[in-house]
Amino acid sequence: AASDFFAMSHRKYHAPRHGSLGFLPRKRASNQRGRVKAFPKDSTATKPHLTAFLGYKAGMTHIVRDLDRPGSKAHKKEVVEAVTIIETPPMVVVGIIGYVKTPRGLRPLTTVWAEHLNETVKRRFYKHWVASKKKAFTKYAKNLATETGKKELEEKLNRIVKYCQVVRVLAHTQINKLNLRQKKSHLMEIQVNGGANVQAKVNWAKEHLEKEVPVASVFGQDEMIDVIGVTKGHGFEGVTHRWGTRKLPRKTHKGLRKVACIGAWHPARVKYTVPRAGQHGYHHRTEMNKKVYRIGKAIAQADGTLVKNNGSTEFDVTEKSITPMGGFPHYGVVKNDFLMLKGCCVGVKKRVLTLRKSLFPQTSRRATEKVSLKFIDTSSKFGHGRFQTLEEKKQFLGVLKRDSTKKTTA
């Protein structure tokens, strides 16, 4: 009987369907910034903290490290792994929102804004900033400067403490710190978790109004996080590439990158499960459990000091920054704080990515493994990079003709 069971077969095993139906509809995302559809569960055991952050994808490189995975054949051996660099300048908190839990979900009760808003975030409220009168929040700020305005603000905060169960802050990126053409900051709601009660959350949010929150205060070394973003767009694409269906034989009439039968005569409709040509890419996706390999510091610190070795390791003490020679292709130089995540991430370079804390506590061996980097590659990503730093290149090539001619002319 057992042999009969294994001898059984079915069309679905030998010709399973092409492409997943779990990602329908395959259409363009409505917003380029990744939406957080669920925040991690709140816990009173920790201090108040943010549960998400925004960063900008710079590019990829690779690292060398010793694997710490007992039982694996590569245990205590060197492994080379691909990593993604996400530039994360500090975010600025500009608002507080209180939500009441109802049987039909969360209901926003009230919103409190900061008195001073940066121009980069004011641009978010306009379609055409240059042609506008730039009057956003001017009356609100004028009112907030008075005694009655301050009293109203305190009343709103007290209402949040009294009636709300969920507190979120409005925070925006500092896109002007990046070398991008865009001047309009990305603004998002980020849930505040932790704290003994709602009062503690509101106090934390109020203290951080108009202040910068660095990425190091949100995520930790070796933490598993989720990346939410919009994938690279490929436009209107045929059925062969979009769904991975088999090509038809060479002599097929009117093309072979097609689906031969799109359904029976009756029902006289095309089912949604049949692969068709259409939009490919630029879809909203959430990728879970990306390990943080490094939280890097910005080159120029607030106190005026310079960090020139954020690409160095304990074993490779060469003074070098994380940016490869010649910069990241299609991005440039990483000057701010950054996250180094294992593997790849959705989206093209320069795309804004939403980084969220993991929804569940991670207990797997990969999640709890301590990562110690031995080497970070900073050779040129534009061609076959041979040198890690400019000094190394100069030392290898020696004095060039153009350098000697410069000296003689000088």
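The values are calculated or read from the model by the stated rules, or taken from the named source; none is laboratory data. Given the structure is predicted, the values throughout are model-derived calculations rather than measurements. Glycine gets a Cβ as well: all are built from the backbone with ideal geometry, and neighbour counts include every protein chain shown. Heavy atoms of the whole protein, side chains included, go into the accessibility calculation; ligands, DNA and RNA do not. Shrake-Rupley method; radii C 1.70, N 1.55, O 1.52, S 1.80 Å.
Brief remarks follow.
- Against the empirical 2.2 N^0.38 Å (N residues), the range 247-309 has a Cα radius of gyration ratio of 2.46.
- Remark: the range 277-410 is approximated by an ellipsoid whose semi-axes, taken from the C-alpha gyration tensor as √(5λ), come to 35, 21, 15 Å, largest first.
- Size estimate for the range 1-151 follows the Kirkwood approach: the inverse of mean 1/r over distinct Cα pairs works out to 23.1 Å.
- Per residue, the accessible area of the range 342-410 comes to 69 Å², computed with a 1.4 Å probe over protein heavy atoms only.
- Rounded if a/c under 1.5, otherwise prolate or oblate - the chain, Cα gyration tensor axes: oblate
- Convex hull volume of the range 308-360 per residue (C-alpha atoms, cubic angstrom): 131
- Percent accessible area from carbon and sulfur atoms, the chain, protein chains only, probe 1.4 Å: 55
- Among Gly304, Gly281, Gly327, the largest mean-square fluctuation in a Gaussian network model of the chain, built with springs joining Cα atoms closer than 10 Å, belongs to Gly304.
- Whole-Hz ³J(HN,Hα) from phi, Karplus 6.51 cos²θ - 1.76 cosθ + 1.60, for the range 260-271, glycine and proline x: 6, 10, 9, x, 6, 4, 10, x, 7, 9, 9, 6
- Scaled against the 2.2 N^0.38 Å expected of a compact globular protein of N residues, the Cα radius of gyration of the range 330-383 reads 1.46.
- J(HN,Hα) series, the range 110-120, from Karplus relation 6.51 cos²θ - 1.76 cosθ + 1.60, nearest Hz, glycine and proline x: 7, 10, 10, 9, 6, 6, 10, 10, 5, 4, 4
- 3J(HN,Hα) from dihedral phi, the range 376-392, Karplus parametrisation 6.51/-1.76/1.60, rounded to Hz, x for glycine, proline: 10, 6, 10, 6, 4, 9, 10, x, 8, x, 10, 10, 8, 9, 5, 5, 4
- Whether the range 110-182 is rounded, prolate or oblate, judged on the alpha carbon gyration tensor where a/c under 1.5 counts as rounded: oblate
- Taking packing as the residue-averaged number of other Cβ atoms within 10 angstrom, the listed peptides 86-92, 337-343, 38-44 run from highest to lowest as 86-92, 337-343, 38-44.
- Gaussian network model of the chain, springs between alpha carbon atoms under 10 Å - residue of Arg159, Arg257, Arg65 with greatest fluctuation: Arg257
- Taking the charge dipole of the chain about its Cα centre, with +1 at Lys and Arg Cβ atoms and -1 at Asp and Glu Cβ atoms, the residue from Leu178, Val274, Ala38 reaching farthest to the positive side is Val274.
- Å³ per residue enclosed by the Cα convex hull of the range 155-263: 271
- Every pair of different Cα atoms in the range 67-207 enters the Kirkwood calculation, which places the hydrodynamic radius at 18.3 Å.
- GNM result for the chain, Cα springs below 10 Å: residue of Ala200, Ala264, Ala15 fluctuating most strongly: Ala15
- Here the range 64-146 is treated as an ellipsoid with the same Cα gyration tensor; its semi-axes, largest first and in whole Å, are 47, 22, 13.
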